[in-house]
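Report on one structure; see the data block that follows.
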Amino acid sequence: MEARYGPVHALHGISLTVDDGEIVAVLGANGAGKTTTLRAVSGTVARRGEVVFDGRRLRRSPEAAARLGIAHVPEGRGTFSELTLLENLRLGAYTRGDGLEENLERVYGFFGWMRNRREQPAGTLSGGEQQMLALARALMSRPRLLLLDEPSLGLAPMIVREIFGIVRRLNEEEKLTVLVVEQNATVALESSSRAYVLEAGRVALEGPSDDLAKDEAVRRSYLGY
Ligand SMILES: Nc1ncnc2c1ncn2[C@@H]1O[C@H](COP(=O)(O)OP(=O)(O)O)[C@@H](O)[C@H]1O
Ligand SMILES: [Mg+2]
């Protein structure tokens, strides 16, 4: 896959695979191309090369990706701050009008605190709560593949652990497949089975997360010990 923003060549031909039921992490410094990788998959940036989902070549359009069950939680969350928590969740279900109540109950099963906060404007939630709402909204579409862009951004370590704990539960209980982009390599490697390290729009390293966590270059550059 390749991607450009005008003259900026953001991805220089990267190739990655996510197997059904896996959590795969993409690590890398600021500007390495992590966000662009997710955008290229969900069709929100022009790309060259192909994305194959379930053995079928995906058309490059966000609608086509959403229809096939790919949900993208962008960097910066993208919740609607003037709308209530519940209205945000309802928007997430736009492709599935049926079974809304049941779907809400399913999501409250992962985020119990939301049940009594439905009428709260999203903009008045804490940063961690907004990140959870963004995740919950994506879940309302019952995705098969979740693309998560830096869920830890700006959040306290305890909240980051809580969010990754929920991602792991979703993976175990709903067999949700996850491609997560992170600068927080520690938590991302703990939560994933495989990972890719991007450098300047190329895959610099890839392998089982346990192996990468032991890799000296990864430790020095991304784990800081
Ligand atoms: N909208 C944009 N217009 C121009 N250049 C962009 C845009 N978005 C990202 N880039 C550039 O593309 C490269 C990769 O960016 P990005 O995928 O956002 O990296 P990361 O998510 O790893 O921090 C960077 O050099 C960045 O400056
Ligand atoms: Mg990014």
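The values are calculated or read from the model by the stated rules, or taken from the named source; none is laboratory data. All values reported here derive from a predicted model rather than from experimental measurement. Heads up, the Cβs are rebuilt from the backbone with ideal geometry, glycines too, and the neighbour counts pull from every protein chain shown. For accessibility, only protein heavy atoms count, side chains too; no ligands or nucleic acids. Shrake-Rupley method; radii C 1.70, N 1.55, O 1.52, S 1.80 Å.
Take Arg4 and decide whether it is without any contact (Cβ under 8 Å) to a residue 24 or more places away in the chain and either of a type in the set (Lys, Arg) or open to solvent by less than 60 Å² (accessible area, probe 1.4 Å) (or both).
no
So which strands (runs of 3 or more DSSP E) stay within the range 1-107 end to end and still have 2 or more residues that are over 19 Å from Leu179 (Cβ atoms)?
Details: elements: 2-5, 8-12, 23-28, 70-73.
Fully inside the range 1-107 and qualifying: 2-5, 8-12.
When only residues in the range 141-175 that are of a type in the set (A, V, I, L, M) and free of Cβ contacts under 8 Å to residues at least 40 places away in the same chain count, which is farthest from Gly33 (Cα to Cα)?
Step by step, filter the range 141-175, then rank; the result is Met158.
Looking at (1) out of contact with any Asp or Glu (no Cβ under 7 Å at 6 or more places or on another chain); (2) within 16 Å of ligand 1 (Cβ to nearest atom), find the lone condition where Glu22 falls short.
Failed condition: (2).
Please pick out the residue among Arg60, Arg47 that is more than 8 Å from ligand 1 (Cβ to nearest atom), in contact (Cβ under 8 Å) with a residue 40 or more places away in the chain and surrounded by 13 or more Cβ atoms within 10 Å (Cβ to Cβ).
Among Arg60, Arg47, only Arg47 is more than 8 Å from ligand 1 (Cβ to nearest atom), in contact (Cβ under 8 Å) with a residue 40 or more places away in the chain and surrounded by 13 or more Cβ atoms within 10 Å (Cβ to Cβ).
Would you be able to say whether some residue in the range 73-96 is more than 16 Å from ligand 2 (Cβ to nearest atom), open to solvent by 60 Å² or more (accessible area, probe 1.4 Å) and hydroxyl-bearing (Ser, Thr, Tyr)?
Checked against the condition, which is being more than 16 Å from ligand 2 (Cβ to nearest atom), open to solvent by 60 Å² or more (accessible area, probe 1.4 Å) and hydroxyl-bearing (Ser, Thr, Tyr), the range 73-96 yields at least one hit.
Would you check if there is a residue in the range 118-141 being under 24 Å from Ala65 (Cα atoms) and part of a loop (DSSP other than H, G, I, E, B)?
Looking through the range 118-141, at least one residue is under 24 Å from Ala65 (Cα atoms) and part of a loop (DSSP other than H, G, I, E, B).
Could you list all residues from the range 24-41 that are within 24 Å of Glu174 (Cβ to Cβ) and open to solvent by 10 Å² or more (accessible area, probe 1.4 Å)?
Correct list: Val41 only.
Within the range 172-202, which residues are of a type in the set (Ser, Thr, Tyr) and assigned to a helix (DSSP H, G or I)? Let's see the steps before the verdict.
Taking the range 172-202 and keeping what is of a type in the set (Ser, Thr, Tyr), we get 177, 186, 191-193, 196.
Of everything in the range 172-202, those that are of a type in the set (Ser, Thr, Tyr) and assigned to a helix (DSSP H, G or I) turn out to be Thr186, Ser191.
When only residues in the range 203-225 that are outside any helix (DSSP H, G or I) and more than 16 Å from ligand 1 (Cβ to nearest atom) count, which is surrounded by the most Cβ atoms within 10 Å (Cβ to Cβ)?
Step by step, filter the range 203-225, then rank; the result is Asp215.
As an exercise: evaluate Ala134 against (1) modelled with pLDDT under 95; (2) open to solvent by less than 20 Å² (accessible area, probe 1.4 Å) and give the number of the one condition it does not meet.
(1)
Give the number of residues within the range 168-201 that are open to solvent by 10 Å² or more (accessible area, probe 1.4 Å) and within 16 Å of ligand 2 (Cβ to nearest atom).
Residues meeting the conditions: 4.
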